[in-house]
Amino acid sequence: MTNNLAGLLAVAVAADPTRPLLTWYDDATGDRTELSGATLANWVAKTANLVVDGAGVAAGDHADVVLPAHWQTAGVLLGCWSAALVVRTAPAAGPGAPAAEVLFASPPAVPEVDRRPAGERYLLSLAPMAAPARELPPGWTDYITEVRGHGDHFTPYPAVDRQDAELAGRARRRGAELGIGAGARVLVDCDRYPDPTDWLLAPLAAEATMVLCRNLDRQRLDGRVDSEKVDLVLA
């Protein structure tokens, strides 16, 4: 049993690198993206290389990730954890709060987080087909454009604080609470379960595969359950 987040992904991928590990739907845009375990691991490795080589972070540095549930968010979170960063999904504010060495955000979050101290800032448009952002605010870099140029392999760093093991343990407990069986295929309404522990880590801890849905059209739910061969619906 692995006690770190990078290990959860490694175990899930090792079961069958070619199987669809994460399938993404956005019923507002019509976007559908399917990632095998190997493909998701590739995005994770590229993100880890981006923050280490591009942003110059070190193990134990802070990463603020202000993103909604999305397949790209999964790559960002797991990439940051692979680089042994301390990830904050609700950025700290106020006197004494440590600044983030690297910041990831979607366009709606920019007005809030732009005022907070941070090192490298990466914008994710979260557009279909992994399209880059059309416009960038001053001081921001497009994540998609930058991450594509980084390496496809990364050896995860050992965790430097307790967050990693605590999140891995919480993921297992949460998976049991949600009834995610070992190896199941679980459909998650990400608007109802926005916590990445629920939509990402708990399924990984159970070696489950994910069908993640944003702006879920409930009239399509039954058909999607059948077409995606879903075992458990969290919606």
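The values are calculated or read from the model by the stated rules, or taken from the named source; none is laboratory data. What you are looking at is a predicted structure, and each value in this text was computed from that prediction instead of being measured. A quick note on method: Cβ atoms are made from the backbone with ideal geometry, for glycine too, and the neighbour counts reach across all protein chains shown. Only protein heavy atoms, including side chains, enter the accessible area calculation; ligands, DNA and RNA are left aside. Shrake-Rupley method; radii C 1.70, N 1.55, O 1.52, S 1.80 Å.
Within segment 32-53, if we keep just the residues that are touching a residue at least 24 places away in the same chain (Cβ under 8 Å) and open to solvent by 40 Å² or more (accessible area, probe 1.4 Å), the residue that is farthest from residue 205 (Cα to Cα) turns out to be 53. Taking the criterion of being within 17 Å of the chain's Cα centre (by Cα) and open to solvent by 30 Å² or more (accessible area, probe 1.4 Å), the residues of segment 175-197 that qualify are 191, 192, 193, 194, 195.
Residues that are free of Cβ contacts under 8 Å to residues at least 40 places away in the same chain and among the basic types (Lys, Arg) within segment 209-235 comprise just one, 218.
Checking segment 199-210 against the condition returns no match, with no residue being polar (S, T, N, Q), open to solvent by 30 Å² or more (accessible area, probe 1.4 Å) and in contact with a strand residue (DSSP E or B) (Cβ under 8 Å, 6 or more places away or on another chain). Here residue 166 meets each of (1) part of a helix (DSSP H, G or I); (2) open to solvent by less than 40 Å² (accessible area, probe 1.4 Å) with one exception, condition (2). Return a yes/no flag: does segment 113-122 have any residue that is open to solvent by less than 40 Å² (accessible area, probe 1.4 Å), over 16 Å from residue 51 (Cβ atoms) and in a loop (DSSP other than H, G, I, E, B). The answer is no, given that none of the residues of segment 113-122 is open to solvent by less than 40 Å² (accessible area, probe 1.4 Å), over 16 Å from residue 51 (Cβ atoms) and in a loop (DSSP other than H, G, I, E, B). Considering every residue within segment 8-31, establish whether at least one is open to solvent by less than 10 Å² (accessible area, probe 1.4 Å), farther than 24 Å from residue 221 by Cβ and either aliphatic (A, V, I, L, M) or not in a helix (DSSP H, G or I) (or both). Checking segment 8-31: at least one residue is open to solvent by less than 10 Å² (accessible area, probe 1.4 Å), farther than 24 Å from residue 221 by Cβ and either aliphatic (A, V, I, L, M) or not in a helix (DSSP H, G or I) (or both).
Filtering segment 43-60 to residues that are among the polar types (S, T, N, Q) and touching a Leu at 6+ places or on another chain (Cβ under 9 Å) leaves only 47.
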